[in-house]
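The structure appears right after this line, and notes come after that.
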Amino acid sequence: MTSRYQVLDDDDVDQFLTQGFVAVRGCFSRQAAQEFTQPVWDRMGYAADAPSTWAEPVVHLAGRRQLDVREFAPKAWAAVGDLVGGEDRISSELPYVWSDGFIVNLWQGADEPWAPASPASPGWHKDGDFFRHFLDSPEQGLLTLVLWSDVQHQGGATFVAADSVGPVARFLAAHPEGAYPFPQPPGVDDAPVFDFADLVAPCREFVEATGEAGDVYLLHPYILHAKSQNALRLPRIITNPPLTLAEPMRFDRSDPSEYSLVERAVLEALGTPSVDFTPAAVRQTLVPPRVAIQQERMAEEDRRLSGKAH
């Protein structure tokens, strides 16, 4: 019997349905990673060989260049298709691309004793700060963690709450009016804001997303995750590009075989074979606070890089 999946095997499928993520190893070469990340030190204004210049523990760079995932990392592209139900379900208006919007963890928490992941770890969140969230939201069809450097244990790997799809699914199912990723101005409406500390509180399964340059973690869009400490002080470089679906997710398909693995994970978390879901409010695009910060950083980069060129 021919598998319906291009990259994923049965173990991968089971892991995604039970733990909300799958690691796809060796999606691009170490050389390709080094070439794409080569400008990162000039962009930050730090010297790679002089940790004394690393003023910030974590640096979030804005994206300047983009890569076509289908060409650059065909294995990752195929795995994405496996998870969302085929590449025809990926938005063509907002193509799935990877950028150099690097998140560089240099020494987050290095001056504190190492603490393994737990509900008490700081910074748990669900990605997608640019839209109002519903159970079926297409804006974040998957979360991707692209490893552009080696990421070791205690070296700043992303903490993943592997049993968090359930709490988030139940919360969103209970709030058809949607939820905001950050507080809105007074009087906008009474939709709730995610309480991530409350959502992660019942979670007990935690994973460090470690690996080598070229590895890619594909996570369910509901997965809660957080920065971890970089006790090793070895620069960790990742990106976390979202994937936009062509249409909202469906949880009431007439043919159950047409459910994507992402949709199946939601239904299994809710303990039901189908859900007739309709948003009770309009979908909204939001402008997150980080945009202004990134614009200011990019202007600073432009000034620095322009000065280097003269």
Give the order of Glu212, Glu258 when sorted by the count of other beta carbons within 10 angstrom, beginning with the fewest.
Glu258, Glu212
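Report the net charge of residues surrounding Val84, where surrounding means a beta-carbon distance below 15 angstrom and charges are Lys +1, Arg +1, Asp -1, Glu -1.
Numbers: positive: Arg4, Arg70, Arg89, Arg250, Arg253, Arg264; negative: Asp12, Asp82, Glu87, Asp88, Asp136, Glu139, Glu247, Glu258, Glu263.
With Lys, Arg at +1 and Asp, Glu at -1, the net is -3.
Relative contact order of the chain, please, whole-number percent, based on alpha carbon pairs below 8 angstrom and at least 6 residues apart. Walk me through the numbers before you get to the answer.
Details: 616 pairs, mean separation 91.7, N = 310.
Reported relative contact order: 30 percent.
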Using Cα springs under 10 Å in a Gaussian network model of the chain, which residue among Thr272, Thr158, Thr37 shows the largest mean-square fluctuation?
Thr272
Take the alpha-carbon centre of segment 128-149, take the same for segment 39-117, and report the distance between them in whole Å.
14
Quick one: what Rg and Dmax do you get for segment 10-298 from the alpha carbons, in Å?
18.7, 60
Subtract the Cα-Cα distance of Val193 and Arg290 from 0.36 nm times their separation in residues, and report this length gain in nm to one decimal.
33.2 nm
Need one word for segment 119-160: rounded, prolate or oblate. Basis is the Cα gyration tensor (sqrt eigenvalues a ≥ b ≥ c); a/c below 1.5 gives rounded, then a/b vs b/c decides.
oblate
With θ set to phi - 60°, apply the Karplus curve 6.51 cos²θ - 1.76 cosθ + 1.60 along segment 105-115 and write out the HN-Hα couplings as whole Hz, x wherever there is a Gly or Pro.
8, 9, 7, 3, x, 5, 8, 10, x, 4, 10
Local electrostatic count, Gly166, Cβ distance below 12 Å [Lys/Arg +1, Asp/Glu -1]:
-1
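If you stretched the chain out fully between Arg253 and Glu56, how much longer would it get, using 0.36 nm times the residue separation minus the C-alpha to C-alpha distance?
On the way: separation 197, 0.36 × 197 = 70.92 nm, distance 4.80 nm.
66.1 nm is the gain from fully extending Arg253 to Glu56.
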Place the peptides 226-237, 241-252 in order of packing, highest mean first, counting for every residue the other Cβ atoms within 10 Å and averaging per peptide.
226-237, 241-252
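Which of Phe134, Phe72 comes first, and how do the rest follow, when ranked by fewest Cβ neighbours within 10 Å? Numbers along the way, then the final one.
Values: Phe134 23, Phe72 16.
Arranged by neighbour count, lowest to highest, Phe134, Phe72 become Phe72, Phe134.
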What is the sum of charges around Pro242, taking Lys and Arg as +1, Asp and Glu as -1, for the other residues whose C-beta is under 9 Å from the C-beta of Pro242?
-2
Quickly rank 81-92, 57-68 as a protection proxy: mean count of other C-beta atoms within 10 Å, highest first.
81-92, 57-68
Residue by residue, what Karplus-based ³J(HN,Hα) values in Hz, rounded to whole numbers, does segment 275-283 have, using 6.51, -1.76 and 1.60 with θ = phi - 60° and x for Gly and Pro?
9, 8, 10, 9, x, 9, 8, 6, 6
Sum of -39500 (n - 2.57) over DSSP H runs of 4+, divided by residues of the chain (222 nm, nearest 500):
-7500 deg cm²/dmol
At 7 Å along the Cα-to-beta-carbon direction for both Ala48 and Arg25, put a label point, then send me their distance in nm to one decimal.
2.5
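Laboratory data are not the source of any read-out in this text; all were calculated from the coordinates shown. Note that the coordinates shown come from a computational prediction; the quantities given were computed from them, not determined experimentally. Here the Cβ is made from the backbone with ideal geometry for all residues, glycine too, and neighbour counts use every protein chain on show.
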